[in-house]
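Values in this text are rule-based calculations from the coordinates and carry no lab data. Just so we're clear, the structure is a prediction, and the values are computed from it rather than from any experiment. Positions of Cβ are generated from backbone atoms using ideal geometry, with glycine treated the same way; all protein chains shown enter the neighbour counts.
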């Protein structure tokens, strides 16, 4: 937690920090506030699943990977996961800023990602 706050610029320190219910986060944040590393007005919320966007996304990926029964090498794992992530981003519209919603831009994005 201290490294996180030390690596952020003063204007970018969050007003709110969501963590899971591990008691160490609360203690760490309290100590950082006492030491002056963290501003005293930063709110800390301990919510079990609220900040877990990555884990939620990762569940879909695990379902797809389990069907393939794992990978034989790191190279195939990297290529497969990269492809799945790109296609999910395209489907969810998360990559529109890269291709501006145009089909040719989408094709260019996919070809650039999968260059070898």
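Hey, quick one: spin label on residue 46, modelled 7 Å out along Cα-Cβ, who in region 1-20 has an amide N within reach, i.e. under 12 Å? Those under the cut-off are 19-20. In this simple spin-label approximation, residue 75 and residue 15 carry label points 7 Å from Cα along the Cα→Cβ vector, and these lie 5.1 nm apart. Applying 1/(1 + (r/R0)^6) with R0 = 35 Å to the Cβ-Cβ distance of residue 104 and residue 27 gives a FRET efficiency near 0.05.
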